Amino acid sequence: QVQLVESGGGLVQPGGSLTVSCVASAIAFRFYDMGWYRQALGKQRELVASITSDSSPNYVDSVKGRFTISRDNGKNAVYMQMNNLKPEDTGVYYCKLYGYGIEYWGKGTLVTVSS
């Protein structure tokens, strides 16, 4: 059974940094694209960053220059380094594995940016 497990969320002050991780199991991870999404309270889930199977990244404008997505196919993992965090970055962060007509989601990790 395919599983995606996120970790690394927590409480951080504005301007701080955090890295979230997602590890996949029971799937040939290296063939699939990966995405990080976030959902703030009362809002729709939105794409934050994605990375293709050959490690080409893409970001939404609001996080460009602050967030970095990366992957380690040997560890079946995708990461997102988040710097200069802002209160509006607060939300539950989910990873998604997708491609070839399938997609899987993790259960999310909460990131709270507050003083």
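The values are calculated or read from the model by the stated rules, or taken from the named source; none is laboratory data. All of these numbers come straight from a predicted model, not from anything done at the bench. Every residue, glycine among them, receives a Cβ derived from its backbone with ideal geometry; neighbour counts consider all protein chains shown. In case anyone asks, the SASA skips ligands and DNA or RNA and just uses the protein heavy atoms, side chains included. Shrake-Rupley method; radii C 1.70, N 1.55, O 1.52, S 1.80 Å.
Is there any pair with a first residue in the range 73-85 that is closer than 18 Å to T109 by Cα and a second that is open to solvent by 10 Å² or more (accessible area, probe 1.4 Å) and among the basic types (K, R) whose Cβ atoms are under 6 Å apart and which are 6 or more apart or on different chains, and what are they?
The qualifying pairs are V78/R71; N83/R66.
Would you mind stating whether Y100 is of a type outside the set (A, V, I, L, M, F, W, C), closer than 22 Å to F31 by Cα and surrounded by fewer than 13 Cβ atoms within 10 Å (Cβ to Cβ)?
Criteria met by Y100.
Is there any pair linking a residue in the range 26-42 that is under 15 Å from E103 (Cβ atoms) to one that is among the basic types (K, R) and surrounded by fewer than 19 Cβ atoms within 10 Å (Cβ to Cβ), with Cβ under 6 Å and at least six apart or on different chains, and which?
Y37/R45
So which residues in the range 35-56 are part of a loop (DSSP other than H, G, I, E, B) and either under 15 Å from W105 (Cα atoms) or open to solvent by less than 70 Å² (accessible area, probe 1.4 Å) (or both)?
Within the range 35-56, A40, R45, T52, S53, S55, S56 meet the criteria.
Can you find even one residue in the range 71-93 that is crowded, with 20+ Cβ neighbours inside 10 Å, on the phi > 0 side of the Ramachandran plot and under 15 Å from the mean Cα position of the chain (by Cα)?
Yes, the range 71-93 contains at least one residue that is crowded, with 20+ Cβ neighbours inside 10 Å, on the phi > 0 side of the Ramachandran plot and under 15 Å from the mean Cα position of the chain (by Cα).
Can you give me the number of residues within the range 19-33 that are farther than 17 Å from S53 by Cβ, open to solvent by 30 Å² or more (accessible area, probe 1.4 Å) and not hydroxyl-bearing (S, T, Y)?
Adding up the residues that qualify gives 1.
Would a scan of the range 76-87 turn up a residue that is basic (K, R) and touching an Asp or Glu at 6+ places or on another chain (Cβ under 7 Å)?
no
Would you check which residues across the range 11-34 are assigned to a loop (DSSP other than H, G, I, E, B), of a type outside the set (F, W, Y) and farther than 15 Å from M82 by Cβ and list them?
Across the range 11-34, the qualifying residues are A26, I27, A28.
So which pairs qualify, if the first residue must be in the range 58-71 and among the polar types (S, T, N, Q), the second must be open to solvent by less than 50 Å² (accessible area, probe 1.4 Å), the Cβ gap must be under 6 Å, and the two must be at least 6 apart or on different chains?
Here the result reads N58/S50, each pair linking the range 58-71 to a residue that is open to solvent by less than 50 Å² (accessible area, probe 1.4 Å).
Just wondering, is there one or more residues in the range 57-68 that are surrounded by 12 or more Cβ atoms within 10 Å (Cβ to Cβ) and more than 23 Å from T112 (Cβ to Cβ)?
Within the range 57-68 (the criterion being surrounded by 12 or more Cβ atoms within 10 Å (Cβ to Cβ) and more than 23 Å from T112 (Cβ to Cβ)), the answer is yes, since at least one residue qualifies.
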